[in-house]
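J.: Right, I'll just put the structure down here and ask away after.
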Amino acid sequence: MPSARLLTERLRRLVPEAFAFGVIGAANTLLYLAITWVALPIGAVKATVIATVVTTTVAYFANRYWTYRHHTKTALRREYTLFFGFNLVGMIIQSGAVAVAKYGGGLNEKDHALLIMVVTLSAAGVATIFRFWAYRTFVFLKPPVDGHEAAIAEMDVAAGLAELSAEGHTHAHHDLDAELASELDAARRAEHH
């Protein structure tokens with residue numbers, strides 16, 4: 001069970017990230033809604049897709065250079081690909097909700113534009129929670145802990161994520177390292193005697 005100090009430290013790091021993510025998210029949501037509103041005449045679902053593509057690029061750079069600026073930087077292609085992939089899931093959440101409202105609920109752009117915008121905003125809230133978790137967990141790797149994260153970032157993404165997810169268990173990791181070093185020393189001494 002995590003100690004109070006460890007929990008406080010995690011919250012101390014999480015709050016500024018959540019704040020920056022929230023500011024970027026709020027600004028991007030306004031941009032998203034504006035693009036959707038302007039593009040609504042071409043179709044509600046198409047409008048949400050266009051809005052997602054534009055705001056994804058804006059959000060990537062804003063999050064990379066503000067929210068997660070202290071996190072380990074990996075290749076731009078790797079980050080943006082994962083970022084875009086998770087935004088694609090977010091878009092499916094958002095556009096899917098609009099599609100259900102339009103085709104399943106019988107809404108249309110002419111008579112129900114404001115209701116479609118309410119559905120869009122609600123779905124954007126759900127997608128935002130998903131994105132925050134995904135960015136923090138998979139896209140922008142945690143800040144360096146013991147100096148070997150750069151090498152991990154160049155390795156397979158899954159291996160790097162597995163290694164970095166052990167951050168919460170660093171005390172146990174250090175104990176294991178000390179135990180392994182002790183065993184290696186004992187083996188070397190036995191070999192020389």
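J.: Given Ala51, Ala26, Ala34, which one is in the same structural domain as Gly96 (by TED's automatic domain parsing) and either in contact with a helix residue (DSSP H, G or I) (Cβ under 6 Å, 6 or more places away or on another chain) or over 20 Å from Gln94 (Cβ atoms) (or both)?
T.: The conditions single out Ala51.
J.: Next up: In the range 87-112, how many are surrounded by fewer than 16 Cβ atoms within 10 Å (Cβ to Cβ) and in contact with a Leu (Cβ under 8 Å, 6 or more places away or on another chain)?
T.: So the count comes out to 1.
J.: Go through the range 12-39 and give me each residue that's exposed (fewer than 13 other Cβ atoms within 10 Å of the Cβ), more than 17 Å from the chain's Cα centre (by Cα) and closer than 21 Å to Tyr65 by Cα.
T.: Within the range 12-39, Arg12, Leu30 meet the criteria.
J.: Another one. So His70 fits all but one of (1) surrounded by fewer than 15 Cβ atoms within 10 Å (Cβ to Cβ); (2) in contact with a helix residue (DSSP H, G or I) (Cβ under 7 Å, 6 or more places away or on another chain); (3) part of a loop (DSSP other than H, G, I, E, B); (4) not polar (S, T, N, Q); what number is the exception?
T.: (2)
J.: Looking only at helices (runs of 4 or more DSSP H) that lie completely in the range 82-193, which have at least 2 residues being at pLDDT 60 or above and polar (S, T, N, Q)?
T.: Fully inside the range 82-193 and qualifying: 113-134.
J.: Which members of the range 56-80 meet the condition of being of a type outside the set (Val, Ile, Thr) and in contact with a Leu (Cβ under 7 Å, 6 or more places away or on another chain)?
T.: The answer is His71, and nothing else.
J.: Okay, moving on. Is it the case that the range 23-44 has a residue that's touching a residue at least 40 places away in the same chain (Cβ under 8 Å), touching an Asp or Glu at 6+ places or on another chain (Cβ under 9 Å) and hydrophobic (A, V, I, L, M, F, W, C)?
T.: Taking every residue of the range 23-44 in turn, at least one turns out to be touching a residue at least 40 places away in the same chain (Cβ under 8 Å), touching an Asp or Glu at 6+ places or on another chain (Cβ under 9 Å) and hydrophobic (A, V, I, L, M, F, W, C).
The values are calculated or read from the model by the stated rules, or taken from the named source; none is laboratory data. No experiment lies behind these values; they were computed from the predicted model shown. Cβ coordinates were reconstructed from backbone atoms using ideal geometry, including for glycine residues, and neighbour counts include every protein chain displayed.
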